[in-house]
Amino acid sequence: MNNGQILISDDDKTLCYLLKEELVSEGYFVDITFDGKYAIDNIKKKSYDLVLLDLEMTEVHGEEVLKFVRDYSPSTKVIILTGKTDIRSAINCIKNGAYDFLPKPYEFGQLIVVIQRALEHKRLLMNNEILSSKINRKVPNIIIGESKSIRDIISLADRAAKSDSNILLEGETGTGKELFAEFIHKSSNRSDKPFVAVNCASLPDQLIESELFGYEKGAFTDAKTSKQGLVEMANGGTLFLDEIGEMSLLLQPKLLRFLENGEFRRVGGINNMTSHVRVIGATKKNLLEEAEQKKFRRDLLFRLNVITLTIPPLRDRGSDVILLANYFLQRKSSVHNIKVLSKEAESALMQYNFPGNVRELEHTIERSLIFADKDYIEPRDLNLPAGANTRVAEGFMVDGKLLSMDEVEKIHIKKALEQNNWNRELTASLLGISQKTLYTKIKKYDLK
């Protein structure tokens, strides 16, 4: 049981040991220091949920430690425990970021209540910060499907969740890898801790590093204060690295080091810090092939794929297409204007191959609701690309010739661009890829 990481800093050694014993029996992980100087050293190396802090210490005063925590690790809560009970000190501590101020002597039961409130306050603030970053991400909270392929992978994901091993999710764009990552987190013993996601393809290398590991004040021009990284925010929980195959070779060794021992350094920092998270990576690439071509570190791959789950594409999920289409229809229709799929529309959906998978199906349904002028969706309302992306028994065929995946992708991207009048932002959103990836594909296939 781990109810949280607590640091006690007090020059009364007997009190420290007694308090540690009581807190450990309550399920907390506890470190102790006997002066503010050593408290600061510990906080530089380790992520704490809470600090129990005395004010009157020999070398570094408690108020200096409090200010350091406020600037260096703002998510860490501080409770002041001191024999100094004047109102001015209490007010100053609260102004400098302390969660509460308890005069000695105190009842242990009273302290436990304050600790629980402080940790709950931290959890709510962290969840709010994490949720605010998800506002523009459309991730449903359930996995829909009755096909054997999806039920099998759900069963494997549920079993994998019970371990603490790192997991690699493979699958085409739009298959729902982030949804599976959240499912694994919620099914694990970390479900009450943060789930933090970052897309490695959407940010430049320098920004990804500072987002992951944080940075120190003055590390670069605009770094006016220190900032905690996502690995600190996710401490005890799950860190989801989407499109990990896009991570640069320069950043991969730092991630490898973190996976090996939980250690990292903030950008511009000199102190090693630790955070304990489970990492779930996701990729649409074959990372073994990438490793053979020296585009991805083999040792990092082996650290990531302790458990590998391959999410099936929508074309292999049979009638799940109709289940998902009806789910999106219900979710996106207005309350007073619920539409249904006609039999012809269902047939058209079943025949289409959906290279963009579930994400493309969602956009297709959303678009059909705009164009439909009846109480039901007709095939023309779906506006599906014709030709090469029709599902056939033998695969993708043109004039009896089986197309390569690159040829299929080229045709599909060109159709999507033409359908959206070459609006790259809209096309990238429809295809479920970043604008950077779309631009790369346009250059690769020489699309004009």
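A short reminder: the numbers here are calculations on the coordinates, not readings from a lab. These figures come from a predicted structure and were not determined experimentally. Virtual Cβ from ideal backbone geometry, glycine too; neighbours counted across all protein chains shown.
Expressed as a whole percent, the proportion of Cα-Cα pairs in the stretch 316-384 lying more than 14 Å apart is 51%.
The residues packed around residue 282, meaning those with a beta-carbon under 12 Å from its beta-carbon, carry a net charge of -4 if Lys and Arg are +1 and Asp and Glu are -1. In summary, the aspartates and glutamates within cross-link reach of residue 13, defined as a Cα separation below 16 angstrom excluding same-chain residues under 8 places away, comprise 21, 22, 31, 35, 54, 56, 59. Within the stretch 204-275, none of the GluC sites (Glu not before Pro) combine a DSSP coil assignment with at most 12 other C-beta atoms in a 10 angstrom radius.
Residue by residue, the stretch 116-121 carries 3J(HN,Hα) couplings of 4, 5, 5, 5, 5, 4 Hz when phi is fed to the Karplus relation 6.51 cos²θ - 1.76 cosθ + 1.60 (θ = phi - 60°); x denotes Gly or Pro. Taking the Cα atoms of the stretch 148-310, the ratio Rg/Rh between the radius of gyration and the Kirkwood radius comes to 0.97. The candidate values were [x] 29.8; [y] 26.1; [z] 22.0; the one computed from these coordinates for mean projected area of the Cα convex hull in nm² carries the label [y].
What's the magnitude of the charge dipole for the chain around its Cα centre, counting Lys and Arg as +1 and Asp and Glu as -1 at the beta-carbon? Answer in Debye, nearest 20.
Numbers: 63 positive and 64 negative charges, 189 e Å.
That gives a dipole near 900 debye.
Within 12 Å, Cβ to Cβ, of residue 163, how many net charges do the neighbouring residues add up to if Lys/Arg are +1 and Asp/Glu are -1?
Working: positive: 159, 162, 190, 278; negative: 158, 164.
In short, +2.
Have a look at the DSSP beta bridges in the chain and tell me what percent are antiparallel, nearest 5. Rounded to the nearest five, the antiparallel share is 15 percent.
In the structure shown, do any of 227/254; 46/95; 44/186; 46/227; 285/444; 332/415 have a Cα-Cα gap over 20 Å, and if so which?
On the way: 227/254 18 Å; 46/95 25 Å; 44/186 30 Å; 46/227 15 Å; 285/444 16 Å; 332/415 25 Å.
Result: 46/95; 44/186; 332/415 exceed 20 Å.
Once backbone amide H atoms are built at 1.01 Å from N, residue 310 has 170 as its partners under 5 Å, excluding neighbours fewer than 5 places away on the same chain.
In this structure the amide hydrogen of residue 32, modeled in the peptide plane, comes within under 5 Å of the amide hydrogens of 8, none closer than 5 places in sequence on its chain. Of 75, 210, the sequence from fewest to most neighbouring Cβ atoms within 10 angstrom is 75, 210. Each peptide in 88-95, 297-304 gets a packing score, the mean of other Cβ atoms within 10 Å over its residues, and the list from highest to lowest is 297-304, 88-95.
The mean sequence separation of alpha-carbon pairs under 8 Å and at least six residues apart, normalised by the residue count of the stretch 5-132, gives a relative contact order of 21 percent. Pairs of Cα atoms nearer than 8 Å and 6+ residues apart set the relative contact order; for the chain it is 12 percent. Largest GNM mean-square fluctuation across 105, 204, 194, computed for the chain with C-alpha springs under 10 Å, falls on 105. Loop-located chymotrypsin sites (Phe, Trp or Tyr not before Pro) in the stretch 41-121 (DSSP state other than H, G, I, E, B) with a sparse environment of at most 13 neighbouring Cβ atoms within 10 Å: 106.
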